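These notes are about the structure you will find just below.
The values are calculated or read from the model by the stated rules, or taken from the named source; none is laboratory data. Worth saying up front: this structure is predicted, and the values here are computed from it rather than measured. Neighbour counts are summed over all protein chains in view; Cβ atoms, including those assigned to glycine, are modelled from backbone coordinates with ideal geometry. Only protein heavy atoms, including side chains, enter the accessible area calculation; ligands, DNA and RNA are left aside. Shrake-Rupley method; radii C 1.70, N 1.55, O 1.52, S 1.80 Å.
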Protein chains: 2
Amino acid sequence: MDVAALTPAEARSRFREGLRAPTAGWCRGWTQANLLAVPRELAYDLLLFAQRNPVACPVLDVGDPGAVSTGLFGGDLRTDLPAYQVYERGRAVADVADARDVWREDLVAFLLGCSFTFEDALLRAGVPVRHIEAGTNVPMYLTSLPCRPAGSLSGPMVVSMRPVPASLVPAAVRVTARYPAVHGAPVHVGDPAEIGIADLGAPDFGDPVEVRAGEIPLFWGCGVTPQAAVMASGVPFAIGHLPGHMAITDARDDRFQLP
Amino acid sequence: MDVAALTPAEARSRFREGLRAPTAGWCRGWTQANLLAVPRELAYDLLLFAQRNPVACPVLDVGDPGAVSTGLFGGDLRTDLPAYQVYERGRAVADVADARDVWREDLVAFLLGCSFTFEDALLRAGVPVRHIEAGTNVPMYLTSLPCRPAGSLSGPMVVSMRPVPASLVPAAVRVTARYPAVHGAPVHVGDPAEIGIADLGAPDFGDPVEVRAGEIPLFWGCGVTPQAAVMASGVPFAIGHLPGHMAITDARDDRFQLP
């Protein structure tokens, strides 16, 4: 199956039927998104947290309370992602393929930009993307960079990492800076210890990738950040996607590129 | 008094002492902002309304409930703007120079981008700004362009208008497009009737300006839009700035320019 050539509707139907896979490289040219659904009484804090931390948490769309699709996502948010993480009192209590049994009427679904969206632009610019080459999930890490709190929500920034040959670092920065709604330019270049990452080989989410001689690790804001805030803040109930297992939307990635 | 040369703190102290004036042309190089303060229970709807209508309602900062200053605005939001509009049940019931008597503990203050911020960049690019030349307020109009509703809030987009010589229209678009956080590029060029404006000479807010032969009216999204939604939606209570009488922040306008 050439996953890059699938349409969003085709990909979503595979996931609805039970396929579980990270979505890096899927549906080339279409925007991918992070999902976080929280009870209505937490929605203001989450929207404000996103507004105050726009690099890690760029809001693409917000559903009405109880709605299971949005203008950007024509599928069913409870079934059409490859896998979900369910949180209770800030702890990840279940990892499910179908969220219908745990979904609640009072949930407000947030879709946040995902850096998978700019990976096609990186490839077209000649910047290799290691985890796509390897067919694995992108490595993601909790950092020592604090987010600006909002109401009951606080926590560290989560980043994704891609190793880039030194000569291509400027191209990688330039290309991704044109996509601020899907995390934009890197937040850190080089030494992972400077942002509190002890071991690149042991990501907090996703899979490790090889960093080869002559390559520099680049770190981008990651839409798992609000899930880290859910955990750090002991949020009573929330449903997110399993990191790297994204909502594939009906929006072309060009829509989020600067002119 | 050379109002362009004042610092934000100097300007705010003038307004605190009672000076009433539109702020176009004041504090060159500093970011100006729209104010709208709503009760906490309306804050989610307003933040979502802004997120869904980012051209007209770009959020620069949101205060904590009850706070009268924000990270962006070091002054006192109740006294340091030239004039305020008080709303009850969607109607403008008072226009005051000092909002301390009407401010409430449960208010959440939103600061939204204002197009006055990019006027210095227009002038530097050789694009004349008529209302600054005339020493008047910018003309603003209710349009027939609907905003995307959010919860209890809906209403029309409000625009500001600047007449620009035809040969300078591309420069005006190009320069302002680089400031998306203060409304960015125009939303309409030319015939006002196409966006529901019957008479350019009778703005809904601010002062009329002359449109000379060879000039084309350009229309930008305006941060009075959420005040129009307050009116259209019958919001029980809110405090805004008097249109054109802005909050002058402590942020340089370059901060909101794209690279």
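Evaluate the range B:187-198: report whether one residue or more is within 14 Å of chain A (Cβ to nearest Cβ) and either surrounded by fewer than 19 Cβ atoms within 10 Å (Cβ to Cβ) or of a type in the set (S, T, N, Q) (or both). No: the range B:187-198 contains no residue that is within 14 Å of chain A (Cβ to nearest Cβ) and either surrounded by fewer than 19 Cβ atoms within 10 Å (Cβ to Cβ) or of a type in the set (S, T, N, Q) (or both). Taken over the range B:73-87, the criterion of being part of a loop (DSSP other than H, G, I, E, B) and under 13 Å from B:Trp103 (Cβ atoms) is satisfied by B:Asp76, B:Leu77, B:Arg78, B:Thr79, B:Asp80, B:Leu81.
Checking each residue in the range B:19-51 for being of a type in the set (S, T, N, Q) and open to solvent by less than 10 Å² (accessible area, probe 1.4 Å) picks out B:Thr23, B:Thr31, B:Gln32, B:Asn34. Is it true that some residue in the range A:100-107 is under 17 Å from the mean Cα position of the chain (by Cα), within 14 Å of chain B (Cβ to nearest Cβ) and among the charged types (D, E, K, R)? Scanning the range A:100-107, I find no residue that is under 17 Å from the mean Cα position of the chain (by Cα), within 14 Å of chain B (Cβ to nearest Cβ) and among the charged types (D, E, K, R), so the answer is no.
Residue pairs whose Cβ atoms lie under 6 Å apart, separated by 6 or more positions or on different chains, with the first residue in the range A:110-132 and farther than 16 Å from A:Ala171 by Cα and the second of a type in the set (Gly, Ala, Ser) and in a loop (DSSP other than H, G, I, E, B), are A:Leu112/A:Gly223; A:Cys114/A:Gly223; A:Phe116/A:Ala24; A:His131/A:Ala24; A:Ile132/A:Ala24; A:Ile132/A:Gly25. Could you tell me whether any residue of the range A:220-232 is over 23 Å from A:Tyr87 (Cα atoms), open to solvent by less than 30 Å² (accessible area, probe 1.4 Å) and in contact with a strand residue (DSSP E or B) (Cβ under 8 Å, 6 or more places away or on another chain)? Yes: the range A:220-232 contains one or more residues that are over 23 Å from A:Tyr87 (Cα atoms), open to solvent by less than 30 Å² (accessible area, probe 1.4 Å) and in contact with a strand residue (DSSP E or B) (Cβ under 8 Å, 6 or more places away or on another chain). If the condition is being open to solvent by 10 Å² or more (accessible area, probe 1.4 Å), at pLDDT 95 or above and not polar (S, T, N, Q), then the range B:135-146 contributes B:Leu142, B:Leu145, B:Pro146. Which residues, taken from the range B:52-77, are touching a Ser or Thr at 6+ places or on another chain (Cβ under 8 Å), away from every other protein chain (no Cβ under 14 Å) and either of a type in the set (Val, Ile, Thr) or surrounded by 21 or more Cβ atoms within 10 Å (Cβ to Cβ) (or both)? Within the range B:52-77, B:Ala56, B:Phe73, B:Gly75, B:Leu77 meet the criteria. Scanning the range A:160-183 for residues that are basic (Lys, Arg) and within 14 Å of another protein chain (Cβ to nearest Cβ), we see that the one that is surrounded by the fewest Cβ atoms within 10 Å (Cβ to Cβ) is A:Arg174.
Residues in the range B:207-259 that are hydrophobic (A, V, I, L, M, F, W, C) and within 14 Å of chain A (Cβ to nearest Cβ): B:Phe256, B:Leu258.
Checking each residue in the range A:114-132 for being of a type in the set (D, E, K, R) and within 19 Å of the chain's Cα centre (by Cα) picks out A:Glu119, A:Asp120, A:Arg130. Among the residues of the range A:44-70, those that are touching a helix residue (DSSP H, G or I) at 6+ places or on another chain (Cβ under 9 Å), without any contact (Cβ under 8 Å) to a residue 60 or more places away in the chain and farther than 13 Å from A:Gly113 by Cα comprise A:Pro65, A:Gly66. For the range A:71-97, how many residues are free of Cβ contacts under 8 Å to residues at least 60 places away in the same chain and among the charged types (D, E, K, R)? Selection size over the range A:71-97: 1.
Per-residue answers, yes or no, for (1) open to solvent by less than 10 Å² (accessible area, probe 1.4 Å); (2) not assigned by TED's automatic domain parsing to the domain that holds B:Gly63:
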position	(1), (2)
B:Arg212	no, yes
B:Pro217	no, yes
B:Leu242	no, no
B:Met246	yes, no
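Candidates in the range A:1-43 are the residues that are in a loop (DSSP other than H, G, I, E, B) and over 18 Å from A:Thr117 (Cα atoms); of these, the one that is nearest to the chain's Cα centre (by Cα) is A:Arg20. The set of residues from the range B:34-51 being farther than 13 Å from B:Val235 by Cα and at the interface with chain A (Cβ under 9 Å from one of its Cβ atoms) comprises B:Tyr44, B:Leu47, B:Leu48, B:Ala50, B:Gln51. In the set (1) buried (at least 19 other Cβ atoms within 10 Å of the Cβ); (2) away from chain B (no Cβ under 14 Å); (3) outside any helix (DSSP H, G or I), A:Phe116 fails one condition alone, (3).
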